[in-house]
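Just below is one structure, and these are the notes that go with it.
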Amino acid sequence: GAVVSQHPSWVICKSGTSVKIECRSLDFQATTMFWYRQFPKQSLMLMATSNEGSKATYEQGVEKDKFLINHASLTLSTLTVTSAHPEDSSFYICSASNSLSSNYGYTFGSGTRLTVV
Amino acid sequence: AQSVTQPDIHITVSEGASLELRCNYSYGATPYLFWYVQSPGQGLQLLLKYFSGDTLVQGIKGFEAEFKRSQSSFNLRKPSVHWSDAAEYFCAVGQSGNTGKLIFGQGTTLQVKP
């Protein structure tokens, strides 16, 4: 079945530093990847949609200069949280799809817990 | 605008009892509907999905869901709950056409009593 690997699973960083999170589709080509953010006890909020080889589309209210997304290949997308601050601490989850109506649908990574101290 | 509502924030059922988690959506066209389960600190696992065809969809772990267009609902059911089913459940609607984003409901926390 479709597998999406997300790394790292957790990271602690100092305020002001940058953190990169990777999302890989292991056994299929992901034409589209999505990045979500989830606060404790809350639902997932879509941050951005990335298509391979093109610029990401950010949701309203998401700072594109703070959350840099790169989708350089059909199997890898990265989210870089730049100049992280404590309010960026959250659970970040990626998902990947190659077709909405295929058997893959949307496959999610296992998430990354980011703590900024 | 598209939206998904899960009216029940928290549900507690006894092990072995039946379960129904409610989901209502607002979407102009035929929706693509999903149910996901999330264990603490983990990503989301797809339970089942509806794109078209038979409105009663079977999923993994003994779950099923029924699409009712007239009620704009896609409720998740399980005839007999196991303690391992305790988790957070999310209903989501996806845009039809090209690979579109998912809109998630607020989630329902399921607690299972022994």
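Observations, loosely collected:
- For residue B:77 and residue A:29, a Förster radius of 35 Å and the Cβ-Cβ distance give a FRET efficiency of 0.50, rounded to the nearest 0.05.
- Which listed pairs, of A:64/B:61; A:55/B:49; A:66/B:61; A:41/A:66; B:49/B:113; A:41/B:113, have C-alpha distances above 31 Å, in listed order: A:64/B:61; A:66/B:61
- Set of aspartates and glutamates near residue A:14 by C-alpha distance (under 17 Å), chain-local residues within fewer than 8 positions excluded: A:87, A:88
- The Rg/Rh ratio for segment A:24-117, using Cα coordinates for both the radius of gyration and the Kirkwood hydrodynamic radius, is 0.96.
- Convex hull per residue volume in Å³, alpha carbons only, for the protein assembly as shown: 120
- Sulfur and carbon atoms: percent of accessible area, chain A [1.4 Å]: 51
- Residues along segment A:11-47 losing 20 Å² or more of accessible surface when the other protein chains are present rather than the chain by itself (probe 1.4 Å): A:32, A:34, A:36, A:38, A:43, A:44, A:46
- Cα-Cα P(r), chain B, percent of pairs per 5 Å interval: 2, 12, 24, 26, 19, 10, 5, 2, 0
- Burial here means at least 10 square angstrom less accessible surface with every protein chain in place than with the chain by itself, probed at 1.4 Å; in segment B:7-45 the buried residues are B:32, B:34, B:36, B:38, B:41, B:42, B:43, B:44.
- Check: chain B dipole with +1 on Lys, Arg Cβ and -1 on Asp, Glu Cβ, in debye: 180
- Point-to-point label distance, residue A:18-residue A:113, nm (Cα→Cβ direction, 7 Å offset): 2.6
- Per the accessible-area calculation with a 1.4 Å probe, the total area buried between chain B and chain A rounds to 1700 Å².
The values are calculated or read from the model by the stated rules, or taken from the named source; none is laboratory data. In this text, all values refer to a predicted model and were calculated from it rather than measured experimentally. Heads up, the Cβs are rebuilt from the backbone with ideal geometry, glycines too, and the neighbour counts pull from every protein chain shown. With ligands, DNA and RNA removed, areas are computed over all heavy atoms of the protein, side chains included. Shrake-Rupley method; radii C 1.70, N 1.55, O 1.52, S 1.80 Å.
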